[in-house]
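One structure is given here, and the rest of the page talks about it.
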Number of protein chains: 2
Amino acid sequence: MSIFYGIGVGPGDSELMTVKAIKAIQRLDIVYTPKAHRDGISLAEKIASSYFPKKLIVKRRHFPMTKNLKEKQTNWRTIAQEIVEDVQKGYDVGFVTLGDPSVYSTYSYLLNLVRKRITVKTIAGISSFSQIAASVSIPLALDNELLEVIPATAKKAQIEKALDDNDNVVIMKIAVNFPMIYQLLVERHLLNQAIVVADSSMSEEKIYDLRDVSSSEKLPYFSTLLLKKSEIVED
Amino acid sequence: MSIFYGIGVGPGDSELMTVKAIKAIQRLDIVYTPKAHRDGISLAEKIASSYFPKKLIVKRRHFPMTKNLKEKQTNWRTIAQEIVEDVQKGYDVGFVTLGDPSVYSTYSYLLNLVRKRITVKTIAGISSFSQIAASVSIPLALDNELLEVIPATAKKAQIEKALDDNDNVVIMKIAVNFPMIYQLLVERHLLNQAIVVADSSMSEEKIYDLRDVSSSEKLPYFSTLLLKKSEIVED
């Protein structure tokens, strides 16, 4: 029975891939890799490629970063149809995706379009927020604490509520709305309890102490904020 | 320079360990493994042991599951002190922990007690909630959706708020408060949008459709609930 695997390759460092992800990749006939720009490279492919078997067919597909939902849906349907046909022809097919395929991933849309037609297996990956916490050795949550994960593109009122109501807050892809979020942190006197990590686990990883940057700082696209209000018991 | 590694071994299946975790383990002189019961086995040790190098010294330590914070702190301090001494003697020392070391892990307390005295590296692992989403191929969050992670031991009002204010909610270790949470879901007509996965990725993994169980169901200790309110675009 042929299978479609959604494979999380983790946040950047190839060593943050799981054994299960690597074994799945080595079993594939065809892998689909996503590119945000037509002429760009696929970061997920770059991370996983050292594990690609020799005869693997790599199908690079462009997922435009547009706010036009119809355009995106048409694109997803075309790629989903290709995947279904490949699996129905008897091939084991994979789709590699940055981080964890269950966390804000385009994979979820493909999954939804193919799941009733072919067998699907999803292989978890290390999410960017998990890696950020590891990079700086700060816990995401402890004891009875709450952890909220919210994208920087959420409504301002939702971000305010997240900051006010939780012990720990992760804001994904913060670069797209950094000035607004920076201001919300200033108003709440929370600048010194937040850090931003860009390109986590990659060679260009950078950790920002928010007290050292201004609200106009140009952050890389893959920048994630971790706000931690509580102090844990000190020695 | 000797290092203390906090190593996430993932939710249960040894193949869900990362290459980075395995390489760190193979570099260790001493590994500390946590047991919840004095005579029990360490689940984290069981998951990681096939990767243990031959000469590895395994120090099994008991972390009592008690609500007495003083007793727990005394215990953490004793073990933290042992770890510091081992690293200062020149050994590479590890602590293996279930799931992700940054997510509700005892590792965070040890980390806090040792971080000013020795060099620490934290290695991320697949969290239980990430694996649950993968097991059932359901996304944790998409687009502008919010994801809240909350332990079942949080206050009832906090759990109500989490259920009311978020698109997606993960409730950790739900067995300890299942009747109350089940009732909250019934009141909100959300039973059919929640699933519970017990012992995710282990051989005894079980997926519960909440419409098929009663509020008095005895769930295993490692049971996590995933509530997903939204429907994603269907084909």
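The values are calculated or read from the model by the stated rules, or taken from the named source; none is laboratory data. Predicted model only: the values in this text are computed from it and were never measured. We place every Cβ from the backbone using ideal geometry, glycine too, and count neighbours over all the protein chains shown.
Please specify each residue of region A:176-194 satisfying the condition of being outside any helix (DSSP H, G or I) and on the phi < 0 side of the Ramachandran plot. Outline the logic, then answer.
Residues of region A:176-194 outside any helix (DSSP H, G or I): A:188-190, A:194.
Answer for region A:176-194, where residues must be outside any helix (DSSP H, G or I) and on the phi < 0 side of the Ramachandran plot: A:ARG188, A:LEU190, A:ALA194.
Within region B:5-26, does at least one residue satisfy the condition of being modelled with pLDDT of 95 or more and more than 14 Å from every other protein chain (Cβ to nearest Cβ)? Break it down into steps so the answer makes sense when it comes.
Here is the first cut: in region B:5-26, the residues modelled with pLDDT of 95 or more are B:5-26.
Then keep just the ones that are more than 14 Å from every other protein chain (Cβ to nearest Cβ); that gives none.
No: zero hits.
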Worksheet item: Would you call A:ILE159 within 21 Å of the chain's Cα centre (by Cα) and within 28 Å of B:ASN112 (Cβ to Cβ)?
Response: no
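Test of understanding: among A:ASP164, A:ASP92, which residue is over 30 Å from A:ARG77 (Cα atoms) and either aliphatic (A, V, I, L, M) or more than 10 Å from every other protein chain (Cβ to nearest Cβ) (or both)? First the steps, then the outcome.
Working: A:ASP92 fails: over 30 Å from A:ARG77 (Cα atoms).
Of the residues listed, the single one that is over 30 Å from A:ARG77 (Cα atoms) and either aliphatic (A, V, I, L, M) or more than 10 Å from every other protein chain (Cβ to nearest Cβ) (or both) is A:ASP164.
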Discussion item. Can you confirm whether B:THR74 is over 23 Å from B:THR18 (Cα atoms) and of a type in the set (Ser, Thr, Tyr)?
Written reply: yes
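Here is a yes/no grid of residues against (1) farther than 30 Å from B:ILE7 by Cβ; (2) surrounded by fewer than 17 Cβ atoms within 10 Å (Cβ to Cβ); (3) at the interface with chain B (Cβ under 10 Å from one of its Cβ atoms); (4) in contact with an Asp or Glu (Cβ under 7 Å, 6 or more places away or on another chain):
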site: A:THR97; (1), (2), (3), (4): no, no, no, no
site: A:THR122; (1), (2), (3), (4): no, no, yes, no
site: A:SER130; (1), (2), (3), (4): no, no, yes, yes
site: A:ILE150; (1), (2), (3), (4): no, no, yes, no
site: A:ARG188; (1), (2), (3), (4): yes, yes, no, no
Practice prompt. Run down B:ASP29, B:ASP13, B:ASP39 and say which single residue is closer than 29 Å to B:VAL197 by Cα and either among the polar types (S, T, N, Q) or buried (at least 16 other Cβ atoms within 10 Å of the Cβ) (or both).
Written response: B:ASP13
Fill in: Qualifying positions in region B:99-113 - at negative phi, surrounded by 24 or more Cβ atoms within 10 Å (Cβ to Cβ) and within 10 Å of the chain's Cα centre (by Cα)
B:ASP100, B:PRO101, B:SER102, B:VAL103, B:SER105
Worksheet, complete the sentence: When restricted to A:VAL213, A:VAL170, the only residue under 23 Å from B:GLN158 (Cα atoms) and in contact with a helix residue (DSSP H, G or I) (Cβ under 9 Å, 6 or more places away or on another chain) is A:VAL170
Discussion item. Looking at region A:197-212, can you tell me whether even one residue there is closer than 30 Å to A:MET17 by Cβ, away from every other protein chain (no Cβ under 14 Å), acidic (Asp, Glu) and in contact (Cβ under 8 Å) with a residue 24 or more places away in the chain?
Written reply: yes
